[in-house]
Amino acid sequence: MAGVAGGIAERLGIDPIVIRLAFIVLAFAGGLGVVAYLVGWLIGSEPAEDEPRVPSTSLRQIVAVALVVSGLLLLLRSAGVWFGDAVVWSVGLAAFGSTVIWTRTGVGRTQFARLTSRLQRTPADIVSGRSKGRFIAGTLLVVAGMAILLGAHTSFKTIGNVGFAVLVTAVGVGLALGPWIYELVRQLGDERRERIRSEERAEVAAHLHDSVLQTLAMIQRAPSTEEMTTLARAQERELRSWLYGRAPAGDADFRESLDAMAARIEQGHRVAIETVIVGDAPVDERARALIDAAGEAATNAAKHSGVRTISIYAEVARDAIDVYVRDEGKGFDVGDQAPDRRGISESIVGRMVRNGGSATISSTPQEGTEVHLILPRRPL
Amino acid sequence: MTDQRIRVFLVDDHRLFLSGVRSELGARFELVGEAGSVSDAIAGIVASNPDVVLLDVHMPDGGGAAVIGAVAKNRPDVRFLALSVSDAAEDVIAVIRAGARGYVTKSISPDDLANAIVRVHGGDAVFSPRLAGFVLDAFSGEIEPAPDPELDQLTPREAEVLRYIARGYAYKQVARQLNISNKTVETHVSSVLRKLQLSSRHELTRWAADRRLI
């Protein structure tokens with residue numbers, strides 16, 4: 001409990017279970033175990049943390065500890081500090097049985113770790129092969145211990161205390177299976193963590209392979225620097241949204257959709273689009289139309305402005321969504337547009353008006369163009 | 001503008017990027033040193049006492065914010081300009097709250113970067129469109145009651161200036177659009193920077209707390 005047994009076990013190079021069970025036996029034999037434990041706890045100092053060694057306990061060591069315990073028991077018995085033969089013998093036998101089952105040899109340990117990875121395994125499966133004999137012997141000892149306890153306490157039997165029998169059985173099962181269940185839970189936890197880690201690694205590797213490595217390969221084959229820049233931009237955008245992406249709230253959200261639109265235009269027209277977006281909203285039909293109109297404006301800028309950089313700023317406020325698409329290109333005279341230029345009149349202004357919004361286009365020759373789209377949000 | 005030979009220190013853990021910046025800026029500034037880790041940066045900056053430190057936001061052992069935190073006590077006159085590929089709002093806000101005078105992304109053109117360094121050296125704040133977006137995001141929505149309306153809210157004019165910057169306008173162009181002087185734009189931006197560093201607004205403190213700065 002306070003690490004006394006563990007400390008002693010560490011010092012002696014014996015499995016802590018052996019020591020713990022020895023303490024339990026001594027505790028039943030007149031309380032000496034409790035006293036010894038407290039003394040050990042008081043005088044014990046924290047052991048220096050050296051490299052953890054796998055406790056490997058031989059049968060010889062178990063027998064040695066058992067003999068020491070037996071000696072102490074005899075001493076106590078002659079000293080008169082004694083609860084009664086039946087109790088001590090039964091607990092002693094059961095503890096010895098449990099020890100035989102659960103102390104681990106070097107081989108047993110690795111087998112154990114491998115086998116516990118499968119949840120459905122029973123103790124019988126685990127204690128397969130070479131340690132099968134030990135398991136049977138140990139179980140017999142535990143059962144024998146319990147039987148002696150029950151048989152000796154005729155007083156309990158005459159009372160017919162079924163509850164006591166159940167309790168004793170439970171303790172017996174606990175002694176036989178307890179350490180196994182504890183180990184199982186612990187190792188399952190370890191393994192689950194390890195599995196999650198390796199799955200994450202695999203996912204990252206797969207993603208980097210599909211995206212970054214492919215793009216790097218394409219960049220090496222790209223015939224022009226312009227193309228290289230476009231590829232690098234697209235990859236940067238993609239990787240960034242993967243690294244810092246917010247989990248999409250509901251279905252597609254506005255932020256993500258606008259970014260995706262910008263990425264498509266970047267790729268299709270070899271331009272860089274700087275998107276800055278404030279706030280977010282779910283995308284309905286009207287917001288979709290707004291994104292399409294903004295996409296049309298950005299495409300126009302990419303085609304006609306003569307510059308390679310376009311800024312998009314979107315702000316989702318409570319009552320409206322504003323989107324600005326801006327370039328510092330050659331600009332044009334807004335009043336001078338031929339009526340057949342359907343791009344602006346239909347795809348931008350018309351689309352906005354149909355959805356209850358508006359579009360304002362301001363442009364100064366030689367300075368640039370800015371398209372301002374406003375979409376009022378329906379009152380909730 | 002760059003005749004005064006501003007003394008610049010570079011901090012970035014990517015050697016490739018470091019050498020790129022060195023070749024771009026070497027002709028215009030006096031590069032007094034560079035470092036690739038937080039501890040080297042702290043020692044180097046304290047030793048060389050530069051005018052401006054170009055500081056990578058992302059580095060092992062605490063990143064740019066850790067460098068600012070350690071240097072600011074000994075060298076209060078050193079100005080920091082944060083530089084990063086990261087778009088994560090909490091990183092950027094954290095380094096600004098630690099004391100950086102501005103934030104630009106690494107895709108910035110060499111000319112713009114040089115201008116930003118000159119401006120930071122002159123005591124002004126440098127807001128890239130993206131930083132302006134983050135700030136508008138952080139200060140959006142009403143908080144009632146505002147514990148400190150002076151610090152926790154943007155004035156309408158400040159929000160207007162930031163919106164222009166977010167739309168891609170340079171300071172000069174903002175001034176022309178709003179019929180105010182360049183200096184007034186600078187004043188607004190510096191005031192926003194101060195609010196960004198001192199405000200106790202929930203969003204800002206949350207972002208900073210994510211980076212364990214508070």
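All of the numbers you see were taken from the coordinates with simple rules; none came from a lab. Everything quoted here is computed from the prediction, not taken from an experiment. FYI the Cβ positions are ideal-geometry reconstructions off the backbone, even for glycines, and counts take in every protein chain you see.
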All-pairs alpha carbon distance profile, chain B, 5 Å steps from 0, percent: 1, 7, 16, 20, 20, 16, 11, 6, 2, 0, 0
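Do the alpha carbons of any pairs in A:Lys303/B:Lys183; A:Lys303/B:Lys195; B:Lys73/B:Lys106 sit beyond 31 Å of each other, and which pairs?
Over 31 Å apart, Cα to Cα: A:Lys303/B:Lys183; A:Lys303/B:Lys195.
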Starting from the 7 Å offset along Cα-to-Cβ, what nm value, one decimal, do you get for the label separation of A:Gln220 and B:Glu24? 2.6 nm
According to a simple spin-label model (label point 7 Å from Cα along Cα-to-Cβ), what is the distance in nm between A:Arg264 and A:Trp242? 2.1 nm
Note on chain B: helices (DSSP H) long enough, at least 27 Å by alpha carbon along their axis, and hydrophobic enough, mean Kyte-Doolittle at least -0.5, are none
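Go through B:19-32, B:37-50 and give me the packing order, highest mean Cβ count within 10 Å leading.
B:37-50, B:19-32
Sorted from fewest to most neighbouring beta carbons within 10 Å, what does the list B:Thr205, A:Thr215 look like?
Fewest-to-most Cβ neighbours within 10 Å comes out as B:Thr205, A:Thr215.
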Please give the peptides A:369-376, B:53-60 ranked by average Cβ packing (other Cβ atoms within 10 Å per residue), highest first, as a rough proxy for protection. B:53-60, A:369-376
